[in-house]
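**Q** Below you'll find the structure I mean.
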Amino acid sequence: MKRPSPYRDRGPLQVAMTPMIDVVFLLLIFFLWTASFQIVEYALPSSISPPSNVGSSAERELDIEDFEQIVVRITGQPGNFTYAVNQRRTQELPEVREILGTLASIKNDVPLIIDPAEVVPVGLVIDVYDIGRVLNFQEIQFAVEPD
């Protein structure tokens, strides 16, 4: 006895595309609403306030001349770091802020180059970067060693 084939009376397969398109659009809308279009640098937490009195003692101690770039070198050992702003050494970050504030009030369109040593924590580098951003330096760069 021959069994009837289940495929013989079968018609063309109908796939409903409308519900699938609706789901794709809903997913697209969901991802657009939840996406963050914020630049990552602006999301860094910082406790730096703008300088209150720019100049004064830093202006007297600093030889102000026509400079092409400002280099901030961070060196030292863990727990004892030294900053050097265009060859002027200091141990305190507020002094760095004061010197950079003086230089920014004169000319803030020169590049600010941050050159940290390998042992310097990223937090100190970010602090100097944030100072440059608060003082409206137009171009902030990081120094790298050539290969």
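The values are calculated or read from the model by the stated rules, or taken from the named source; none is laboratory data. If you're wondering where the values come from, they're calculated on a predicted model, not measured in any experiment. Heads up, the Cβs are rebuilt from the backbone with ideal geometry, glycines too, and the neighbour counts pull from every protein chain shown.
**Q** Going by the conditions given, is ARG8 more than 24 Å from the chain's Cα centre (by Cα), in a loop (DSSP other than H, G, I, E, B) and modelled with pLDDT of 80 or more?
**A** So ARG8 does not fit the description; no.
**Q** Could you list, in sequence order, all residues of the range 94-115 that are surrounded by fewer than 19 Cβ atoms within 10 Å (Cβ to Cβ) and under 15 Å from ILE74 (Cα atoms)?
**A** PRO94, GLU95, ILE113, ASP115
**Q** Let me ask another. Would you confirm whether or not the range 46-60 contains a residue that is out of contact with any Cys (no Cβ under 9 Å at 6 or more places or on another chain), under 20 Å from VAL134 (Cα atoms), at pLDDT 85 or above and surrounded by 17 or more Cβ atoms within 10 Å (Cβ to Cβ)?
**A** Taking every residue of the range 46-60 in turn, none turns out to be out of contact with any Cys (no Cβ under 9 Å at 6 or more places or on another chain), under 20 Å from VAL134 (Cα atoms), at pLDDT 85 or above and surrounded by 17 or more Cβ atoms within 10 Å (Cβ to Cβ).
**Q** Any chance the range 30-41 includes a residue that's assigned to a helix (DSSP H, G or I) and at pLDDT below 70? Before the answer, list the steps.
**A** Looking only at the range 30-41, we keep the residues that are assigned to a helix (DSSP H, G or I), and these are 30-34, 40-41.
Those left that are additionally at pLDDT below 70: 40-41.
The answer is yes; a qualifying residue exists.
**Q** Please determine, by comparing only the residues of the range 80-137 that are assigned to a strand (DSSP E or B) and of a type in the set (Lys, Arg), which one is nearest to PHE67 (Cα to Cα).
**A** ARG88
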